[in-house]
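Read-outs throughout are calculated quantities, based only on the coordinates presented, and are distinct from any laboratory measurement. Computed from a predicted model, the values in this text were never measured in an experiment. Here the Cβ positions follow ideal geometry from the backbone for every residue, glycine too, while neighbour counts run over all protein chains shown.
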Amino acid sequence: MSFNQESAVKKAKTDLAERLSVSDDEIETVSVSEKDFPDMSLGAPVADEMSAQMISSGWQINLQTGGEDYEYRADKYQLRLYDFDGTNYVVES
C-alpha cells in the first residue's frame, strides 16, 4: 500500500482504536506535520531491526484519546506507532 497524508492518518486512527478498544470517533487528530526522519525506520525501529541510515521524509501524526497522547510516524511506504507502552510497532509496510 502507498500512503498519502490523509490515508496515513486514517489508518493510524483505525489502528489506535483497535489497540485501545475504542471507537474511531473517540480519537482526535492533534497535529500532522511533515518531518524528516533519521533513517528508513522513521526513527522508530522495532526489536532487532536494521534499517538504512538515510533521511526519510514523511509525517508525524499526533493523536489523543482519553487524555493520553499517541504518536505515529509514516511515509509513503509504511506506518509505525512510536513508543506505545515503551515499544515501537510496524502497523503496515
Test Q64 against the stated conditions and say whether it is under 11 Å from the mean Cα position of the chain (by Cα), of a type outside the set (G, A, S), in a strand (DSSP E or B) and under 18 Å from G86 (Cα atoms).
-> no
How many residues does the stretch 1-18 contain that are in a loop (DSSP other than H, G, I, E, B) and surrounded by 13 or more Cβ atoms within 10 Å (Cβ to Cβ)?
-> 1
Residues within the stretch 74-86 that are without any contact (Cβ under 8 Å) to a residue 60 or more places away in the chain and closer than 12 Å to L16 by Cα, tallied | 2
Identify all residues within the stretch 1-40 that are without any contact (Cβ under 8 Å) to a residue 40 or more places away in the chain, within 16 Å of D75 (Cα to Cα) and small (G, A, S); write none if there are none.
-> S7, S31, S33
Picked from the stretch 19-59 (must be touching a helix residue (DSSP H, G or I) at 6+ places or on another chain (Cβ under 9 Å), hydrophobic (A, V, I, L, M, F, W, C) and not in a strand (DSSP E or B)), the residue surrounded by the most Cβ atoms within 10 Å (Cβ to Cβ) is I27
Among the residues of the stretch 43-64, which ones are within 23 Å of V30 (Cα to Cα) and either in contact (Cβ under 8 Å) with a residue 24 or more places away in the chain or aromatic (F, W, Y) (or both)?
-> G43, A44, G58, W59, Q60, I61, N62, L63, Q64
Checked against (1) exposed (fewer than 15 other Cβ atoms within 10 Å of the Cβ); (2) closer than 19 Å to L16 by Cα, E71 satisfies every condition except (1)
